[in-house]
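K.L.:
Take this structure first; my questions come after.
Just so you know, all these numbers are worked out from the coordinates, no wet-lab data involved. Just so you know, these numbers come straight off a predicted model, no measurement behind them. Note: ideal-geometry Cβ built from the backbone for every residue, glycine included; neighbour counts use all protein chains shown.
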Amino acid sequence: MPEFTYTARSIDGTKVSGKMSANTERDVIGALSKQSLFPIQVLAPETRQAVSFGAGVSDQKIAVFYEQLASLLNNGVPLLRSLSILRDQTKIATLKTALDDVIGRVEDGENLSDAFHRHPKIFSEMAVNMARAGAEGGFLEDALSRVATFTEQAAELRGRTIGAMIYPAVLFSMGSVIVAVLLVYFVPKFESMFDTLRATGQLPWVTEVLLAFSTRIQFWGVPILILMLIAFFALRYQMQTPRGRLFFDGLKIKLPMLGNIFLNLSVARFCRVLGTLLKNGVPILKALDISREAAGNKVLSAAIGEASENITAGESLSVPLKKSGHFPHDVTEMLSVAEESNSLDSVLVNISDGLEKQTIRRLDLMVKLIEPLMLMVMAAVVLVVVIALLLPIMKMGSALE
């Protein structure tokens, strides 16, 4: 019988830690409850090192797998038979290889969650913990169905966010190329035509500025491009370091217009993962540890980590999150009410739904504003170039009359 390590609090708030032999994590929680102890954290015995085969699988495809597995189990098909059916029908080589290993381990008596845990590139930590909670509580099919729903929603939100930004990015890229071609190839052809006006001091100042800028771009264009590439790769390297990631994540949520969007998306992911895990019986500290990484922002992760420490000390979740200053005021207020009414899991999911809808509306509105703004900027730049070239030509024409 495996030995679990637990941390709990008594009725008077005293912290109690120890070890208990039990068949499942849920048995430990039940035994602690009978002793009038509130379980804060229950750690299962360490399993063997996780092994990952190949690359990952897209969110949409793994969500289909979870939903199909839940459907087969719900219709009375045994677990091993369900896994074998899905392995045989999948055309994704990476998933097929992983399922071969999962089936072999389940046949040897290993839990499904532990078998999933050995393929972290394919099965997320949330899926592993929910599969464990579902197996222990007898609602595995429901847990897998919820994982599928969450994965689909996360993929849809990510896809809508990326899709909304594609058109502005294309506009910016095309505009930059057009302006670069005008300055490097088109404008220099007129410089020799304007030598006479320049010598007599009649060349308009806007044309002088345009020609000077064009000359600088021709001379310094390649070095500037190289420096930009070096800066890009340097920033990319820094973003992969802990300090760099923390700095850029903090900067990202403070950007004008975009900052609130990035912040709300991260808070929504955190709330959805935490609510889903709590609803499926995962202890709050373990759920917080998983959901803090799901937020995708190191600043928020640090704030959630501090909240975990406060919960261990007997405080509520909403207070430290509010003190961090990174969570919206209405979110922390709703969390406070939910903790008092013991409905934290459902309220977290509702908060996530509301934030996602609000963020998508803001994102759509921002994109609608950016598109005409970028078109106007491009038109203004081209207009300045045309005016700068036409003014001296008109002066030369009038001088010939």
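K.L.:
So if I average 1/r over every pair of distinct C-alpha atoms in the stretch 275-318 and take the inverse, what Kirkwood radius in Å does that give?
P.N.:
On the way: mean 1/r = 0.0945 Å⁻¹.
Value: 10.6 Å, from the Cα pair sum.
K.L.:
Could you work out which residue, out of D249, D108, D330, moves most in a Gaussian network model of the chain, that is, has the largest mean-square fluctuation with Cα springs under 10 Å?
P.N.:
Per the Cα network of the chain with a 10 Å cutoff, D108 tops the list.
K.L.:
Using the Kirkwood radius over C-alpha pairs as Rh, can you work out the diffusion coefficient of the chain via Stokes-Einstein at 25 °C, viscosity 0.890 mPa s, in µm² per second? Working shown, then result.
P.N.:
On the way: Rh = 25.6 Å.
The estimated diffusion coefficient comes to 96 µm²/s.
K.L.:
A further question follows. Summing +1 for each Lys or Arg and -1 for each Asp or Glu, what net charge is found among the other residues whose Cβ lies under 15 Å from the Cβ of Q358?
P.N.:
That works out to +2.
K.L.:
OK, next. Between the alpha-carbon centers of the stretch 227-251 and the stretch 135-161, tell me the distance in whole angstrom.
P.N.:
32
K.L.:
Which residue, T97, T241, T196, has the most motion in a Gaussian network model of the chain that connects Cα atoms within less than 10 Å?
P.N.:
T196
K.L.:
I would also like to ask the following. Just order 355-365, 167-177 by mean Cβ neighbour count inside 10 Å, highest at the front, would you? If you can, show how the numbers build up before the last one.
P.N.:
On the way: 355-365: 16.0, 167-177: 12.9.
Going by the mean number of other Cβ atoms within 10 Å, highest first, we get 355-365, 167-177.
K.L.:
Right, next: Defining a contact as two alpha carbons under 8 Å apart and six or more residues distant in sequence, what relative contact order in percent does the chain show?
P.N.:
Details: 437 pairs, mean separation 60.7, N = 401.
Worked out over the chain, it gives 15 percent.
K.L.:
Which pairs, out of K322/K357; K91/K252; K15/K254; K15/K279, put more than 29 Å between their alpha-carbon atoms?
P.N.:
Numbers: K322/K357 22 Å; K91/K252 39 Å; K15/K254 38 Å; K15/K279 24 Å.
The answer is K91/K252; K15/K254.
K.L.:
State the percent of C-alpha pairs, over all pairs in the stretch 196-304, separated by a distance greater than 26 angstrom. Numbers along the way, then the final one.
P.N.:
On the way: 2972 of 5886 pairs.
Tail of the P(r) past 26 Å holds 50 percent of the pairs.
K.L.:
Next question, about the same structure. Suppose R0 equals 25 Å. What FRET efficiency, 1/(1 + (r/R0)^6) with r the Cβ-Cβ distance, do E107 and N75 give to the nearest 0.05?
P.N.:
The pair E107/N75 has a calculated efficiency of 0.70.
K.L.:
To continue, here is another question. So what is the calculated 222 nm ellipticity per residue for the chain, using -39500 (n - 2.57) for each DSSP H run with n of 4 or more, over all residues, to the nearest 500 deg cm²/dmol?
P.N.:
On the way: 16 runs with 289 residues, N = 401.
When only DSSP H runs of four or more count, the value is -24500 deg cm²/dmol.
K.L.:
Treating only the Cα positions of the stretch 59-153 as identical point scatterers, give the base-10 log of I(q)/I(0) from the Debye formula at each q in 0.18, 0.24 Å⁻¹.
P.N.:
Result of the Debye calculation: -0.74, -1.50.
K.L.:
Packing-wise, with mean Cβ within 10 Å as the measure, how do 289-297, 372-380, 303-311 rank, highest first? Mind showing how you got there, number by number?
P.N.:
Values: 289-297: 20.9, 372-380: 12.6, 303-311: 17.9.
The peptides rank, most packed first, as 289-297, 303-311, 372-380.
K.L.:
Which translational diffusion coefficient, to the nearest whole µm²/s, is obtained for the stretch 126-199 from the Stokes-Einstein equation, given a Kirkwood hydrodynamic radius over C-alpha pairs, 4 °C and 1.567 mPa s? Numbers along the way, then the final one.
P.N.:
Details: Rh = 17.5 Å.
Value of D from the Cα-based Kirkwood radius: 74 µm²/s.
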